[in-house]
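Notes follow once the structure below has been shown.
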Amino acid sequence: MRRPTLLVAGLAAFVALATWPVWHALAGPRPTAPELARPVGATECVAPTDYMRASHMKLLVEWRDRVVRDGVRAYTDRHGRVVTMSLSKTCIGACHTDKTKFCDRCHDYTGVKPTCWDCHVVPPVPAPPALAARGEVR
Amino acid sequence: MSTSRRVFLRLAATAATAAAAGSALGCAASGGARRRLAMAIDVRKCLDVHGCRACVDACHEAHNVPAIPDRAHEVKWVWKEPFERALAVREPATLPAALRGSEVLVLCNHCDNPPCTRVCPTGATWKRDDGVVAMDEHRCIGCRYCVAACPYGSRSFNFVDPRPFVAHPTSDYPTRTKGVVEKCTFCEERLAVGRLPACVDACPAGAMVFGDLDERGSEIRKLLNERYSVRRRPELGTRPQVFYVI
Amino acid sequence: MLEKALDGGRRYWLWLAALLAVVCAAAWCYALQLRVGLGVTGLTRDVTWGLYIAQFTFFVGVAASAVVVVLPYYLHDYKAFGRVTILGEFVAISAVTMCGAFIFVDMGQPARLLNIVRYAAPGSLMFWDLVALGGYLLLNVTITRVTLEAERCQTAPPQWVRRVILLSIPWAISIHTVTAFLYSGLPGRPFWLTALLAPRFLASAFAAGPALLILLCLFVRRWWDLRVADEAIRKIALIVTYALAAHLFFAAVELFTVFYGQVPDHLEPYRYLYFGLDGHAVLTPWTWASVGLAVAALGLLLTPAARARRSLLAAACVAVFVALWIEKGLGLVVAGFIPAPLGTVPDYVPTLREVTIVAGIWAVGAAMVTVFFKITAAVRTDGP
């Protein structure tokens, strides 16, 4: 090691560059959590909110396998409510009316790009008056 | 308890309840006698409505089948082919003059002994207990081994993203993505809710009969008992479940 | 030991840089394929496998052919092959890697490739092909690593590795047999539906692979001291001769059955290859070129004087390799899809992008062989 200063400087430059995104994010304004449009009148999804927030993708994969591979389409939640296991009929459509105000807001915020909608077709959002009547609650 | 286990238990309980209740929804899965679903196409009735595309359109609209202009990349579930190609492949001489050049419907034969499911390396296509040769496009890796194995040309591969080629996508059924194989599924999504396949429903001539071969009084059983029928390439031992009633 | 690959002359680095350039071009094309889909290739609804899978099939054969130098040395103690077995094994490793790459680029959903393991379907030959090829790669990596290390230290390789080597012999046969089964068990593809496919695969592999090995040996010893005895090369040439003769015999047997039997399903793909079908004859010139080259090569190889002359031997080996590459790396897969199930005769012509991707994978293989041979040469000249 003939030039330790150069080595240390180089290492420091590397570390600074490699961790740049972290510093950049810390220096900037704190991002605010996305506002989600939730269905009126509903208190809980088919599972507790905490579970849904963290693991909805697991539930969806289980639904998918049940429907596609086992031909079972009905799902009974813990309150005995029976729903059809369907992303574009139950989740979006029957319950959450607008994917862009629910799914996308969180996925954009967290930088997640699910491939669900590459194939599944987003159901049309109900006409504006209906939406206004239902309101948007946080 | 871990979340996945909790969900698993809940799902298991759901399945048990559904089976016990004999839910109208899960007719394919909720036990009962084994079924052997099949289709019979009355060729004469079909010919009476010469040039009709009602079944093809109904199917392709219901399932978001893309209309890709490039024939090399075409995707199709049910379509018409000249007799000489579909049925009388080696026997054009046996065709009455009236039938030459006429077209007949072709689709996945839902073989009783399907070569496509045999070769699939991931179980993305398989034969269900009721005879439907099912497809799980989520699992398909796009190796196209099933396409090579199918003796009927009934499988289509998505060479490009099909979505731009679906004029009016319905949210009732997914489109597919590039790089997966797809085909007719006997409308398993409609069977699940007690409806007939879309093509059968749409046929203005009543030329398509769908039902359970093992059910004694079923319409298809009766038709096949009364009339002479053929299947495509029976010598291959695939035992197609689409019958052409002559 | 790998550090020996870093110590090369200018020409060595220039060659590797050229290969890297080809790989980069291929990567660029593959990125496009990944984005757009397999639509960027010449593949169609009717010919759904093409150049990628054909190349895969051909290189499985090249990989399996290491057995023709390994078997005589380890089973029959044929000493002349002592210094060439490791070269054969290195060619095998490179070829298997290329096979993996060809499969990968052929997938419509490459990100899901591991579904083959996750949802393993033992009824599918593709699963077994993966097992066979993966195992073969592992065996050969182990063998070359251990034997070359022993050579470097000038000691005898450990006893256990001999058992691994013996296992690699039937394993080599198995990889090409399973690859043939991939095709020969499909009821709707009469061109492939023949029990002779696996023997034909093995015969053509044992001609093309060792022909490549001879060419590499002749070529490489101009720069590097790999000290492959003339006797070894002569013996490999003899093996190529027998294998090529067997291959042509099998091909002739198949042609007899098909053309004399005249069962249309079996006849049509052959008519397409040799004479064209319904006016479609893209592959006809290729087929006849393959036949011509193979017959000419056999003529040369059957003449002892020609076989002994280095230039004529090299020419014969090139002819064998090209002939069998056309036969297996092009015609075999495409003709299986012709005519299409509904009687039409589809054309398949690979696109430039597809060819570039193939060239990139060839470049990877060439780079691997270069580096492996370089290391071997360095171990042998530098000593411990």
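The values are calculated or read from the model by the stated rules, or taken from the named source; none is laboratory data. A quick note: this is a predicted structure, and the numbers were derived from the prediction, not measured. Cβ placement follows ideal geometry from the backbone for every residue including glycine, while neighbour counts extend to all protein chains displayed. When the accessible area is computed, the model is the full protein with side chains, heavy atoms only, and any ligands, DNA or RNA have been set aside. Shrake-Rupley method; radii C 1.70, N 1.55, O 1.52, S 1.80 Å.
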Convex hull per residue volume in Å³, alpha carbons only, for chain C: 144 Å³
Share, in percent, of DSSP beta bridges within the protein assembly as shown that are antiparallel, nearest 5: 80 percent
Shape category assigned to the protein assembly as shown from the gyration tensor of Cα positions, a/c cut at 1.5: oblate
Projected label distance in nm at C:F104 and C:W15, using a 7 Å step from Cα toward the beta-carbon: 2.4 nm
Area buried, chain C against chain B - accessible surface, total, 1.4 angstrom probe, square angstrom: 3500 Å²
Exposure of B:W79 as accessible area (Å², to 10), given a probe of 1.4 Å and all protein chains: 20 Å²
Förster radius 35 Å - calculated FRET efficiency between B:D57 and B:V193, Cβ distance, rounded to 0.05: 0.95
Degrees between helix C:284-302 axis and first principal axis of chain C (Cα, 0 to 90, nearest 10): 40 degrees
Those lysines that a straight Cα-Cα span of less than 17 Å connects to C:K4, excepting residues fewer than 8 apart in one chain: C:K374
Threshold 30 Å², region B:131-152 residues less accessible with all protein chains present than alone (1.4 Å probe): B:D136, B:H138, B:R139, B:I141, B:C143, B:R144, B:Y145, B:V147, B:A148, B:P151
Pairwise label distance in nanometres, A:V125 with C:S311, each label 7 Å out on the Cα-Cβ vector: 7.9 nm
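Rounded to the nearest 500, what is the 222 nm mean residue ellipticity of the protein assembly as shown from helices alone, with -39500 (n - 2.57) per DSSP H run of 4+ residues and division by all residues? Don't skip to the answer; put the middle values down first.
On the way: 30 runs with 403 residues, N = 768.
When only DSSP H runs of four or more count, the value is -17000 deg cm²/dmol.
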Nearest-10 value in Å² for the accessible area of B:M208, using the 1.4 Å probe: 10 Å²
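Quick one: order C:K328, C:K4 from most to least accessible surface, probe 1.4 Å. Write down the numbers at each step before the final one.
On the way: C:K328 5, C:K4 35 Å².
The ordering from most to least exposed comes out as C:K4, C:K328.
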Highest-fluctuation residue, A:C103, A:C119, A:C91 considered, GNM on chain A with Cα pairs under 10 Å: A:C119
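Ignoring any ligand, DNA or RNA, what whole percent of the accessible area of region A:49-128 comes from carbon and sulfur when the probe is 1.4 angstrom?
Numbers: 2600 of 4370 Å².
Ligands and nucleic acids excluded, carbon and sulfur reach 60 percent.
By the gyration tensor of its Cα atoms, with a ≥ b ≥ c the square roots of the eigenvalues, what is the shape of region C:53-163: rounded for a/c under 1.5, prolate for a/b over b/c, or oblate? Show your work: numbers first, answer last.
Numbers: a/c = 2.48, a/b = 2.15, b/c = 1.16.
Prolate, since a/c reaches 1.5 and a/b exceeds b/c.
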Threshold 20 Å², region C:17-56 residues less accessible with all protein chains present than alone (1.4 Å probe): C:V36, C:L38, C:G39, C:L43, C:T44, C:R45, C:T48, C:W49
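Which pairs break 20 Å Cα to Cα here: B:K45/B:K222; A:K113/B:K76; B:K80/B:K127; A:K58/A:K89; B:K45/B:K80? Before the final figure, lay out the partial values.
On the way: B:K45/B:K222 17 Å; A:K113/B:K76 29 Å; B:K80/B:K127 25 Å; A:K58/A:K89 18 Å; B:K45/B:K80 14 Å.
Flagged as over cut-off: A:K113/B:K76; B:K80/B:K127.
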Efficiency of FRET between C:R118 and B:D172 - r from beta-carbon atoms, R0 25 angstrom, step 0.05: 0.25
Helix axis angle, B:3-21 relative to chain B longest principal axis, alpha carbon, degrees: 60 degrees
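If you take the beta carbon distance between C:A5 and A:T115 as r and set R0 to 35 Å, what does 1/(1 + (r/R0)^6) give as a FRET efficiency, to the nearest 0.05? Please report the intermediate quantities before stating the final value.
On the way: r = 40 Å, r/R0 = 1.15.
Step by step, r from the Cβ atoms, then E = 0.30.
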Total accessible surface hidden between A and B, rounded to 100 Å², 1.4 Å probe: 2500 Å²
C-alpha long axis of helix C:310-326 to longest principal axis of chain C, angle in °: 40 degrees
Accessible area per residue, Å², the protein assembly as shown with all protein chains present, probe 1.4 Å: 46 Å²
Chain C: relative contact order in percent, alpha carbon pairs under 8 Å with at least 6 residues between: 31 percent
Chain A: most fluctuating residue of A:A27, A:A127, A:A74 per GNM, C-alpha cutoff 10 Å: A:A27
Highest-fluctuation residue, C:R307, C:R45, C:R200 considered, GNM on chain C with Cα pairs under 10 Å: C:R45
Chain B: relative contact order as a whole-number percent, Cα under 8 Å and 6+ apart: 29 percent
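What shape does region B:43-245 take by its C-alpha gyration tensor, where a ≥ b ≥ c are the square roots of the eigenvalues and a/c under 1.5 counts as rounded, a/b above b/c as prolate, and the rest as oblate? Present the calculation step by step, with values, prior to reporting the outcome.
On the way: a/c = 1.38, a/b = 1.32, b/c = 1.04.
Rounded, because the longest to shortest axis ratio a/c is under 1.5.
For Cα pairs less than 8 Å apart in space and 6+ apart in sequence, what is the mean separation divided by the residue count of chain A, i.e. the relative contact order in percent?
Details: 82 pairs, mean separation 42.8, N = 138.
Rounded, it is 31 percent for chain A.
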Of all accessible heavy-atom area on region B:43-245, the percent that carbon and sulfur account for (1.4 Å): 51 percent
Rounded to the nearest 20 debye, dipole of chain A from Cβ charges on Lys, Arg, Asp, Glu: 260 debye
Spin-label pair A:K58/A:T32, simplified geometry with 7 Å Cα→Cβ offset, distance in nm: 3.2 nm
